[in-house]
């Protein structure tokens with residue numbers, strides 16, 4: 001998986017990957033409001049504390065994933081977020097490739113010792129993936145209302161050295 005900085009054009013592609021409010025929340029948590037529009041994505045892409053990556057795999061040569069890392073040296077915090085793989089390409093190991101590359105790049109750009117992330121408790125596939133890459137669950141951090149349902153957010157962290 002090759003990572004490159006995300007462009008606004010990449011975010012237009014990404015927007016097609018989140019066709020419903022539930023998909024949007026599963027991808028980004030409470031970052032955006034529905035319906036997801038270009039203005040929100042432009043604001044998202046403008047946070048100077050974040051690095052944004054688009055992933056390109058050998059499959060078709062098109063964008064296959066996206067994610068970002070928030071590096072807050074003052075708060076001694078580095079957080080992976082907004083990870084998504086093109087739904088049409090899921091099930092081929094691209095999530096593993098993308099997260100592996102994003103973890104490596106996160107630790108390359110910062111000396112912080114720990115990388116954190118949040119994941120919804122019911123997202124079993126993501127939890128298994130993150131766990132297999134050295135992230136461990138550290139607890140429940142918040143709940144998010146999605147329609148009539150409450151989604152529980154679990155905190156996970158991975159040290160630089162495993």
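Laboratory data are not the source of any read-out in this text; all were calculated from the coordinates shown. If you're wondering where the values come from, they're calculated on a predicted model, not measured in any experiment. Ideal geometry is used to build each Cβ from the backbone, glycine not excepted, and the neighbour counts take in all protein chains shown.
Looking at segment 5-154 alone, DSSP beta bridges between its own residues are antiparallel in about 95 percent of cases. Take the Cα of residue 90, step 7 Å toward its Cβ, do the same at residue 161, and the gap between the two points is 3.7 nm. In this structure, residue 23 and residue 76 have a Cβ-Cβ separation that, at R0 = 35 Å, corresponds to a calculated FRET efficiency of about 0.60.
Fewest neighbouring Cβ atoms within 10 Å first, the residues 83, 71 line up as 71, 83. Relative contact order for the chain: 19 percent, from Cα pairs under 8 Å spaced at least 6 residues apart, divided by residue count.
Every helix of 4 or more DSSP H residues in the chain counts as -39500 (n - 2.57), and over all residues that averages to -9000 deg cm²/dmol at 222 nm. Spacing of the modelled spin labels on residue 125 and residue 152, each 7 Å from Cα toward Cβ, amounts to 2.2 nm.
Take the Cα of residue 9, go 7 Å toward its beta carbon, and the backbone nitrogen atoms of segment 66-89 under 19 Å from that spot belong to 66-67, 86.
For the listed peptides 148-154, 106-112, a ranking on the average number of other beta carbons within 10 Å per residue, highest first, reads 106-112, 148-154.
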